[in-house]
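Novice: Here it is, the structure in full.
The values are calculated or read from the model by the stated rules, or taken from the named source; none is laboratory data. Bear in mind that the values here come from a model prediction, so they are computed numbers and not experimental data. Please note: Cβ atoms are built from the backbone with ideal geometry, for glycine as well, and neighbour counts cover all protein chains shown.
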């Protein structure tokens, strides 16, 4: 996340913006399922993923947010990005230099009202798109940059628009602020990744899954399977696709006028992971992965592209992964109109807006970065629209566990040929309970309101067109995670290191 922005402004006033050199390779035109686009992000990228998924909810069917907050959290503090102190105090809450202010019920009501009003005005897509989305939210309890109440507020915001059985929220791992990636376990990752509770470096962390006992918690796989159902993971060393770089310049505009990427705090070069099947013209899906602050290519090269964990799930499942790039940007004597964004964050507080722009323009379809990434998506979809053919199962479904927290479980299954719906039955200490009102669609379901560290059992029945119930599936046993311990981490953006509540450096972490 950004260091103290106004101090950085003084230091960097005469410096140029960073970024990678432009690439010559054009972004390819693919055959895509344009109704099943999914997005994810970490930190500022999480805010951007929520913004992009809300603005284009007619096309975006899944959103994953790690260490992010609710849509238009910046609210009235967006004045051209100049009121960033108030935004940090409310929408990050972890820096003692900006004493936390809570996201109140009144704030959440205003965020929801803005969402409804902007949908009615056509500034974002109609809200029925949000209602079909599947949402994955993660917060590590050693995260002292974006504190847990912020992620709690994101879950609360989604509850106003998305059915609860489509929203998964996990906050019981001892992770620090970072992208949690199973790809970090590969030898190729090397020093690109942190241990679970460490903050800094490239902000890419490796964690074990305490709930299941797995050595590698796979955040990318958990999210993508919530969105699509069961998928196959390719080991990092066996990937068959390739990473290509492309010039982002043609996609950055203000209205119809071309705009230098640095003027929108975007890099010249973006990246795409292209599976071999997609390159060969087979129908594919698209995932857009937004990096966080200090994770742009001008600082860490392709570490996020290579090690975030998405390529391994994309490779065998016909999912192209777009990695658009923000960039550091500061006004200079030679470029006085560049925005103040020294750490390459995505715009979630309005630094690209002028004072006379409509409120929250950056978070609508007219926002410079949202519009640029949408143009990239449209270019990628230029080869035609087609769904990825499914291979339905026969007989009874096979329930699998995609993720589990202290209070929620994600069940996934391969759709069964001829099924009109599914009936999910949960057994625990009491009588068996039918979930989801008796009939749900596939290929995933989030069970909520569970007790921590408690065993549950699930069976799934196929329903035919008349509502008749088929035989039950095999039983899936799941034990929920233990609840997160009391933990109150902090992080000084000025010192760029963990601190305690009194702003003193500390190496202590919660176990």
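Novice: From the list 201, 229, 178, exactly one residue is touching a strand residue (DSSP E or B) at 6+ places or on another chain (Cβ under 7 Å), assigned by TED's automatic domain parsing to the domain that holds residue 321 and free of Cβ contacts under 8 Å to residues at least 24 places away in the same chain. Which is it?
Specialist: Answer to the selection: 201.
Novice: May I pose another question? Might you let me know whether the stretch 188-196 holds any residue that is surrounded by 15 or more Cβ atoms within 10 Å (Cβ to Cβ), modelled with pLDDT of 95 or more, part of a strand (DSSP E or B) and within 23 Å of the chain's Cα centre (by Cα)?
Specialist: The answer is yes; a qualifying residue exists.
Novice: Okay, next question. Can you tell me how many residues in the stretch 290-333 are without any contact (Cβ under 8 Å) to a residue 60 or more places away in the chain, more than 22 Å from residue 34 (Cβ to Cβ) and in contact with a helix residue (DSSP H, G or I) (Cβ under 6 Å, 6 or more places away or on another chain)?
Specialist: 0
Novice: So how many residues does the stretch 89-112 have that are under 17 Å from residue 78 (Cα atoms), crowded, with 18+ Cβ neighbours inside 10 Å and over 23 Å from the mean Cα position of the chain (by Cα)?
Specialist: The total comes to 1.
Novice: Restricting attention to helices (runs of 4 or more DSSP H) lying wholly within the stretch 289-347, give those where 3 or more residues are farther than 25 Å from residue 30 by Cα.
Specialist: 297-300
Novice: Regarding the stretch 253-262, can at least one residue be identified that is part of a helix (DSSP H, G or I), touching a residue at least 24 places away in the same chain (Cβ under 8 Å) and either assigned by TED's automatic domain parsing to the domain that holds residue 414 or at negative phi (or both)? It would help to see each step written out before you state the result.
Specialist: We begin by selecting, within the stretch 253-262, every residue part of a helix (DSSP H, G or I); these are 261-262.
Those left that are additionally touching a residue at least 24 places away in the same chain (Cβ under 8 Å): 261-262.
So of that shortlist, the ones also either assigned by TED's automatic domain parsing to the domain that holds residue 414 or at negative phi (or both) come out as 261-262.
Yes, some residue in the stretch 253-262 is part of a helix (DSSP H, G or I), touching a residue at least 24 places away in the same chain (Cβ under 8 Å) and either assigned by TED's automatic domain parsing to the domain that holds residue 414 or at negative phi (or both).
Novice: Just one of the numbered conditions (1) in a loop (DSSP other than H, G, I, E, B); (2) more than 26 Å from residue 450 (Cβ to Cβ) is not true of residue 217; which one?
Specialist: It fails just one condition, (2).
Novice: Filter the stretch 166-182 down to the residues that are part of a helix (DSSP H, G or I) and either within 20 Å of residue 201 (Cα to Cα) or in contact with a helix residue (DSSP H, G or I) (Cβ under 7 Å, 6 or more places away or on another chain) (or both) and list them by number.
Specialist: Matches in the stretch 166-182: 182 only.
Novice: Here is a list of conditions, (1) surrounded by fewer than 18 Cβ atoms within 10 Å (Cβ to Cβ); (2) modelled with pLDDT of 95 or more; (3) not in a strand (DSSP E or B), and residue 430 meets all of them except one; can you say which number that is?
Specialist: Status for residue 430: all satisfied but (2).
Novice: I'm told residue 201 meets every condition in (1) under 17 Å from residue 300 (Cα atoms); (2) crowded, with 19+ Cβ neighbours inside 10 Å except one. Can you identify the failing condition by its number?
Specialist: Every condition holds for residue 201 apart from (2).
Novice: Also, I was wondering about something else. Working carefully through the options 237, 211, find the one that is closer than 29 Å to residue 454 by Cα and at pLDDT 95 or above.
Specialist: Working: 237 fails: closer than 29 Å to residue 454 by Cα.
Residue meeting the stated conditions: 211.
Novice: Assuming residue 280 fulfils every condition listed in (1) more than 20 Å from residue 52 (Cα to Cα); (2) in contact (Cβ under 8 Å) with a residue 12 or more places away in the chain; (3) surrounded by fewer than 24 Cβ atoms within 10 Å (Cβ to Cβ) apart from one, which condition is it?
Specialist: Failing condition for residue 280: (2).
Novice: Next question. Based on what the data block shows, is residue 496 in contact (Cβ under 8 Å) with a residue 60 or more places away in the chain, closer than 18 Å to residue 212 by Cβ and within 28 Å of the chain's Cα centre (by Cα)? Don't jump to the end; show me each part of the working.
Specialist: On the way: in contact (Cβ under 8 Å) with a residue 60 or more places away in the chain: yes; closer than 18 Å to residue 212 by Cβ: no; within 28 Å of the chain's Cα centre (by Cα): yes.
No; evaluated as a whole, the condition is false for this residue.
Novice: Taking residue 463 as meeting all but one of (1) in contact (Cβ under 8 Å) with a residue 40 or more places away in the chain; (2) surrounded by fewer than 13 Cβ atoms within 10 Å (Cβ to Cβ), write down the number of the exception.
Specialist: Among (1) in contact (Cβ under 8 Å) with a residue 40 or more places away in the chain; (2) surrounded by fewer than 13 Cβ atoms within 10 Å (Cβ to Cβ), residue 463 violates only (2).
Novice: Would you tally the residues in the stretch 123-142 being under 19 Å from residue 36 (Cβ atoms), touching a strand residue (DSSP E or B) at 6+ places or on another chain (Cβ under 8 Å) and buried (at least 23 other Cβ atoms within 10 Å of the Cβ)?
Specialist: 3
Novice: Going residue by residue through the stretch 448-458, is there one that turns out to be touching a helix residue (DSSP H, G or I) at 6+ places or on another chain (Cβ under 6 Å) and modelled with pLDDT of 95 or more?
Specialist: Yes, there is a match, as at least one residue in the stretch 448-458 is touching a helix residue (DSSP H, G or I) at 6+ places or on another chain (Cβ under 6 Å) and modelled with pLDDT of 95 or more.
Novice: Of all the residues that make up the stretch 373-391, how many are touching a helix residue (DSSP H, G or I) at 6+ places or on another chain (Cβ under 7 Å) and either surrounded by 23 or more Cβ atoms within 10 Å (Cβ to Cβ) or in a loop (DSSP other than H, G, I, E, B) (or both)?
Specialist: Summing the residues that are touching a helix residue (DSSP H, G or I) at 6+ places or on another chain (Cβ under 7 Å) and either surrounded by 23 or more Cβ atoms within 10 Å (Cβ to Cβ) or in a loop (DSSP other than H, G, I, E, B) (or both) in the stretch 373-391 gives 1.
Novice: Surrounded by 18 or more Cβ atoms within 10 Å (Cβ to Cβ) and within 24 Å of residue 227 (Cβ to Cβ): is that true of residue 481 in this structure?
Specialist: In short, yes.
Novice: Still on this structure, I have one more. I'd like the full set of residues that are touching a helix residue (DSSP H, G or I) at 6+ places or on another chain (Cβ under 7 Å) and under 30 Å from residue 350 (Cα atoms), limited to the stretch 271-289.
Specialist: Result: 271, 273, 286, 287, 288.
Novice: Here is a further query. Answer yes or no as to whether residue 157 is part of a strand (DSSP E or B) and touching a helix residue (DSSP H, G or I) at 6+ places or on another chain (Cβ under 9 Å).
Specialist: It is false that residue 157 is part of a strand (DSSP E or B) and touching a helix residue (DSSP H, G or I) at 6+ places or on another chain (Cβ under 9 Å).
Novice: Show me the helices (runs of 4 or more DSSP H) found entirely inside the stretch 80-144 where at least 2 residues are farther than 24 Å from residue 495 by Cα and in contact (Cβ under 8 Å) with a residue 12 or more places away in the chain.
Specialist: 105-121, 128-131
Novice: Then there's this: Exactly one of these conditions fails for residue 403: (1) touching a helix residue (DSSP H, G or I) at 6+ places or on another chain (Cβ under 9 Å); (2) outside any loop (DSSP other than H, G, I, E, B); (3) closer than 30 Å to residue 28 by Cα. Give me its number.
Specialist: (3)
Novice: Would you confirm, using the coordinates I've provided, whether residue 69 is surrounded by 24 or more Cβ atoms within 10 Å (Cβ to Cβ), modelled with pLDDT under 95, touching a helix residue (DSSP H, G or I) at 6+ places or on another chain (Cβ under 7 Å) and not in a strand (DSSP E or B)?
Specialist: no
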